[in-house]
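Trainee: Got a structure for you, questions after.
Where a number appears in this text, it was derived from the coordinates with a stated rule and is not lab data. Owing to the predicted nature of the structure, the values given are computational and were not obtained by experimental measurement. Cβ atoms come from the backbone with ideal geometry, glycine included; neighbour counts cover every protein chain shown.
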Amino acid sequence: MELYLYIALFAPLVGSLYSALFSGSPKSQQVGIVASGLLFTSFLSSAILLTYVMSGHTVHVEMMTWMATGDLYIPFGFVVDQVSVVMMMVVTIVSTVVHVYSIGYMDHDKGFNRFFAWLSAFVFSMMVLVMSDNFAGLFIGWEGVGLCSWGLIGFWYHKESATWAANEAFIMNRIADLGMLIGIFLIYWNVGSLQYDVVFAEIGNLQPVIITWIGIFLFIGAMGKSAQFPLHTWLADAMEGPTPVSALIHAATMVTAGVYLVVRSNAIYDLIPNVGIFIASLGAFVALFAASMALVNRDMKRIIAYSTLSQLGYMFVAAGLGAYWVALFHLMAHAFFKALLFLGAGNVMHAMHDELDPFKMGGLRKVMKGTFVMMTLASVALAGIYPFAGFFSKDLILEVGFVEHHYVIYTVLLLTAGLTAFYSFRLVALIFHGEERYKLFGIHPHEAYKFMLVAMSPLLVLAIIAGSFKMTYFQLVMNLLPATQYHVHDQTTYWIMTIGTQLFVIAAILFAYKKYANWSNVPDGSSAMERSFFYKLLWNQYYIPKMYEEIFAKPYAELSRIAWKQIDLKIVDATVDAIANGIYKTGENTRDIQNGNLSTMLRWMVVGLVVLSILAVAFTVGYNAVGA
Amino acid sequence: MLEPIHVALGSLNIATLAPMLIAIVGALSILIIDLAKGGLHKSLYVMIALLFLLLDLGALVDFGGVFLKNGTILGFFDVMLMDGIAILSQIIIVVGSMLFIPLALTSKRFHEYDYPEYFALFMFMIAGFQFMVATDNLIMIFIGLETASLALYTLIALHNRSKSFEAAVKYFTMGALAAGFYAFGSMILYAISGSVEINQIATIMAEDHYRNIGYVLLSMAFMIAAFGFKLSMVPFHTWTPDVYEGSSAALAGYMSIVPKIAAFVVAMRLFEFLVHSGVAWLQVILYIGVVVTMTASNIWALVQSDVKRMLAYSSISHAGFVMAAILIGTTQSNTGLFLYWALFSFTNLGAFTMLWVNRQKNLIAGQSSDHPYEKFSGMVKTMPMAAVMMGLFMLSLAGIPPFGLFWGKMYLIGSAVSSGYTVLALIMALNSAIAGYYYLKLIVFMFMKEPIVGYDQYYFMNASLSLKTIIGIAAVGTIFAVFAVNPLLKVITLFVYNSGY
């Protein structure tokens, strides 16, 4: 089994290095095919490991020692257990699909080979993140995915906005990573090890205050990666990257790393329920907050990004309330339908020549049947309609909130579910139904390549049926995660809740269709709604990016300018320059010793000898005097 | 009537001469081949030289095995002394020579390689160096030293440019003076001890408790002057930049490595027992010498406008740095000396070879010397691979991890710290920082400036497959030193420790 573990882990790395070899050369199809093939190999290995784990085993290997100094011992160890194998499956399935899809999507891009090098490198980092058996390895993967995300958001680096978004994402994550690092230091300081099994076994012996701080700092790291408020702004801007990147990194895998961290550290969070409540509350807030911004946005990819943000909020609610398996389950289901949604959006974008405003589309279902069906079904799954994947995972989170008596959270999530359905179908209605507004702009849309649609189909299937794995999945992960079943005990209440939720969601969908399915014009900002206060507030993302600009960026820039002009140039640089000039001057002034004249050179040698001899004599005289 | 002297042939242990004899036979066979048929292509001689060097290396490795089993091997009336440091230094000498001699296979023709004598002299020189390190007899050291030096002067002059003649004459004249110093120093030592063998001198001096300390110090003053010349310690260094500039870049690189390791070994034999006996004067002088040499030459290297001269000064600085090992005198520091020099050989030879492949026959208008910094500006645009290689060697010379020299520097500074020379360690570290400036200066020129028109035609004009191979070997040695350091250290420590250093 170790062999499969290594194959699953390193096949993406091989793919990345292989593609990187060609990154300087012009586009060649085989690079994409080889990279996808290796990803598929990784997927197969993960599947074999899944069956092995399901039969009740786990695989734990220690590849090599990484650091061993004094008491510090950190190996490169990897573990395939019930939790990591689920993540491995999600990562490899989605990334295989995205790789194949990208062969078509990036077809005309000059950086085709480079793209695959980054993409496979991302998958490798993500695998390290989920498979590591200690916090240090997790952190390496954590930084690795951050780096690859930076490279992929800024993939079209000649675009100012893309590089800006890449840097924003990277810097925001770095800020959060500091918190995470402090958490890891605290763990090492107090436990003396970073191995999961050791840490989780001994965490209970620590003082509650310390556990609380550890939990808080680790969660700060998770907030950065999973773009939770107030570190959420980078996710929407990250949509500057190629769409397959958004599907893989900013929907299915990397952004869920924060959830994974909390789930993996369940032993820690179980001991600090207060922090858990905070996480859940923040999650609920983000769910609503992000969904509200998605209501008015006019950028297809940003709408889906806000929806991702909102769904991450759901996951954190579950994780914060101690329902770790539910969080992980929603993570899995969400990965499938959200990646599908993004890839569909990619098809639309291609068809519309990179136009992102859904108000400029309309009626596309006539030309893009396949994409239409897929995106609609993905939206249905996202909205949580029975029997699609979203129903099982999302309703479960609602139930968790209800059963745990957090009725405020429950209400917020219920409301959000309605909003989710509304904005999802607002998007579908605007893109695929109504008048063909794109004709005004002289665009001739066309369906994507056949094989891209075929590549997307596994995700479609999973988006539909993932819910049926619920019990199998539960049996699997309850070996590692707290096996609490969340049932509303009263049957009547249960049915009222379930059916009520369904009706509410369907109503929201119908409302969206009614309002947008026959949309005919492109809004220009003059309508009454667009001028209302709330619309403006949402349109400007609650003015948060502007606030960051004013509160953090501008004063910081000013401070940097002062530090540069006043402190660095006038004090630090001047001192350094003075020292350097001093040394340099000494060199200039003494180089005359080297004038190339042989007599001078011989003289120097004799001078040296004479000085040495005089010193010898002086020393001897002194020595004898002291000796006598 | 004199009694005939009977010496059993077995007691001579002629085998101890084998490595040097192999080199000498190589030299002679080159001469004989030339006698039999003149005008043969230089590649033949290169191959013959390489072949004999390989045999030489084989003999040395064999001696290494014997040494580890039976300890030091004496031979030829105890004149020959094959101990660990002799074997180690000979291996460095021979390997350095093997890396150097293929550099003769340039694509352009050069005067010196048309003479088979060049290769014969080269082999004689190696034999000279080998004799120099494999003995502790002062006379034998002298003979070895002069054999090697006379050959080397000629090799420099054969480059056949006015600068080369100038360099050879300067080197020769100053070398003669240094040889005089050495002879005086040995004479005084002989006068006070009645022996010319360093270990016996040491024993005798210890027995009479350094009664003649004044004479000892005077002889040491001469010896320091003599070896200061060979090791180019300030103020006996003045020949170095001129001679390096006058010789071909390849030979300059060679001179910065092989003659120095030979001199280091003799200095170890000669000075360390005195340092250990607590002769404060010598400690102070060496301390000052080490600090002044590495600092002053570093500062001079800063202001050079020619890369080759910069490298010449930086070689002086490296020698001063390594000289600290002799001052510290522990097993760890002596091990560090060999490690440093082994790593330095690869890197420095690589750097000088990069100059060698860019050698131009005529200077272009406005060019002040062979290799001004401007010649390399913007090289990354015209010859990216070459620029990366050169940058790699510079980074290694500057001691940036994980490249070769970093480990040497770290180990030496570590040995200084663990012997209580904290201030010295600080000075060594500071000097490494200063050195970073001028190495990085070249990188800045190569990577951040615009190319200057006219120079690009000379890039790699002298390159041939064998030169590129040598650069490749040097680069591999520099990059993968990380993995070699540990095993290398183990072997070196074993050899050095078992030789009693």
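Trainee: Could you work out, residue by residue across B:235-244, how many beta carbons of other chains sit within 10 Å of that residue's beta carbon, and then give the average as an integer?
Mentor: The mean count of partner-chain Cβ atoms within 10 Å per residue comes to 5.
Trainee: Please give the charge dipole size of region B:14-498, origin at the Cα centre, charges +1 on K and R Cβ atoms and -1 on D and E Cβ atoms. Round to the nearest 20 debye.
Mentor: For region B:14-498, the charge dipole is close to 1080 debye.
Trainee: Taking the C-alpha atoms of chain A, how large are the radius of gyration and the largest Cα-Cα span, Dmax, in Å?
Mentor: 29.9, 116
Trainee: Between A:His60 and residues 5 or more places away or on another chain, which pairs have amide H atoms under 5 Å apart, with H built 1.01 Å from N, and which residues are they?
Mentor: A:Val80
Trainee: Sum -39500 (n - 2.57) across every DSSP H segment of at least 4 residues in chain A, then divide by the residue count to get the 222 nm mean residue ellipticity, nearest 500.
Mentor: The helix contribution divided over chain A gives -23500 deg cm²/dmol.
Trainee: Then there's this: Obtain the nm distance between the two label points defined at A:Tyr407 and B:Thr203 by a simple spin-label model: each point lies 7 Å from its Cα along the Cα-to-C-beta direction.
Mentor: Reported label-point gap for A:Tyr407 and B:Thr203 is 10.3 nm.
Trainee: Oh, and also: Place a +1 charge on the Cβ of each Lys and Arg in region B:112-196 and a -1 charge on the Cβ of each Asp and Glu, then give the dipole magnitude about the Cα centre in debye, rounded to the nearest 20. Walk me through the intermediate numbers first.
Mentor: Working: 3 positive and 6 negative charges, 44 e Å.
Here the size comes out at about 220 debye.
Trainee: Any idea how far apart A:Phe552 and A:Lys110 come out in nm if each label point goes 7 Å out from Cα toward Cβ?
Mentor: Here the answer is 3.4 nm between the modelled labels.
Trainee: With θ taken as phi - 60° and the coefficients 6.51, -1.76 and 1.60, list the Karplus ³J(HN,Hα) couplings across region B:217-232 in order, rounded to whole Hz; mark glycine and proline as x.
Mentor: Per-residue couplings from phi come out as 5, 4, 5, 5, 4, 5, 5, 4, 4, 5, 7, x, 5, 5, 8, 6 Hz.
Trainee: Follow-up. Give me the inter-chain shielding for B:208-221: mean count of other chain Cβ atoms within 10 Å, whole number please. Mind dumping the intermediate values first?
Mentor: Details: counts 0, 0, 1, 0, 1, 6, 7, 2, 2, 9, 5, 1, 3, 10.
Partner Cβ neighbours, averaged per residue: 3.
Trainee: Note the full-extension length gain between A:Glu202 and A:Thr484 as 0.36 nm times their separation in residues minus their Cα-Cα distance, in nm to one decimal.
Mentor: Value of the extension gain: 99.2 nm.
Trainee: Ok, one more. Could you point to the residue in A:Gly179, A:Val488, A:Gly204 farthest towards the positive end of the protein assembly as shown's charge dipole, with +1 and -1 charges on the Cβ of Lys/Arg and Asp/Glu respectively?
Mentor: Checking the options against the dipole of the protein assembly as shown, the answer is A:Val488.
Trainee: Taking chain A as the reference, fit the longest principal axis to its C-alpha atoms, fit the long axis of helix A:208-225 to the helix C-alpha atoms, and give the angle between the two in degrees, 0 to 90, nearest 10.
Mentor: Approximately 80 degrees, to the nearest 10.
Trainee: Would you please give the residues with an amide H less than 5 Å from that of B:Arg359, counting only those at least 5 places away or on a separate chain, with H modeled from the backbone geometry?
Mentor: So B:Arg359 has HN proximity to B:Asn462.
Trainee: Need one number: nm distance between label points at B:Ile14 and A:Tyr543, each 7 Å from Cα along Cα→Cβ, rounded to one decimal.
Mentor: 10.2 nm
Trainee: As I understand it, the dipole of the protein assembly as shown uses +1 on the Cβ of Lys and Arg and -1 on the Cβ of Asp and Glu, about the Cα centre. Which of B:Ala127, B:Tyr190, A:Phe316 lies farthest toward its positive end?
Mentor: Toward the positive end, the furthest listed residue is A:Phe316.
Trainee: Next question, about the same structure. Okay, helix-only estimate at 222 nm for chain B: each DSSP H run of n ≥ 4 adds -39500 (n - 2.57), divide by all residues, round to 500 deg cm²/dmol; what do you get?
Mentor: Details: 21 runs with 366 residues, N = 501.
That calculation yields -24500 deg cm²/dmol at 222 nm.
Trainee: So, one more: By the scheme Lys and Arg +1, Asp and Glu -1, what is the net charge of all other residues having a beta-carbon under 11 Å from that of A:Phe200?
Mentor: -2
Trainee: Non-local amide H neighbours of A:Ala227 (under 5 Å, H modeled in plane, Pro and chain starts lacking H): which ones?
Mentor: Placed amide hydrogens put nothing under 5 Å from A:Ala227.
Trainee: Using DSSP loop states and a limit of at most 16 other Cβ atoms within 10 Å to flag trypsin sites (Lys or Arg not before Pro), what is the longest stretch of chain A containing no flagged site?
Mentor: My reading of the result: A:299-628 is the longest stretch.
Trainee: Report the full-extension gain for the segment A:Glu530 to A:Arg561: residue separation times 0.36 nm, less the Cα-Cα distance, to one decimal in nm.
Mentor: Length gained, A:Glu530 through A:Arg561: 7.2 nm.
Trainee: Another question, if that's okay. Determine, from the Cβ-Cβ distance of A:Ser599 and B:Ile143 and an R0 of 41 Å, the FRET efficiency 1/(1 + (r/R0)^6), rounded to the nearest 0.05.
Mentor: Details: r = 29 Å, r/R0 = 0.71.
The pair A:Ser599/B:Ile143 has a calculated efficiency of 0.90.
Trainee: I'd like the projected area of region B:20-77, averaged over all directions, using the convex hull of its alpha carbons. Report it in nm² with one decimal. Present the calculation step by step, with values, prior to reporting the outcome.
Mentor: Numbers: hull surface 19.3 nm².
Its Cα hull, projected and averaged over all orientations, spans 4.8 nm².
Trainee: To continue, here is another question. From the backbone phi of region A:435-442, what are the Karplus-calculated ³J(HN,Hα) couplings (6.51 cos²θ - 1.76 cosθ + 1.60, θ = phi - 60°) in whole Hz, Gly and Pro given as x?
Mentor: Working through the residues one at a time gives 6, 8, 5, 5, 5, 4, 9, x Hz.
Trainee: Sort A:Val607, A:Val97, B:Val357 so the one with the fewest other Cβ atoms within 10 Å of its own Cβ comes first.
Mentor: Values: A:Val607 12, A:Val97 29, B:Val357 25.
In order of increasing Cβ crowding within 10 Å: A:Val607, B:Val357, A:Val97.
Trainee: Same structure, new question: Given +1 on the Cβ of Lys and Arg, -1 on the Cβ of Asp and Glu, and no further charges, what dipole in debye does region B:22-112 carry about its Cα centre, rounded to the nearest 20?
Mentor: Working: 5 positive and 6 negative charges, 90 e Å.
It comes to approximately 440 debye.
Trainee: What is the list of residues in region B:92-134 whose amide nitrogen lies under 11 Å from a point 7 angstrom out from the Cα of B:Leu54, following Cα to Cβ?
Mentor: none
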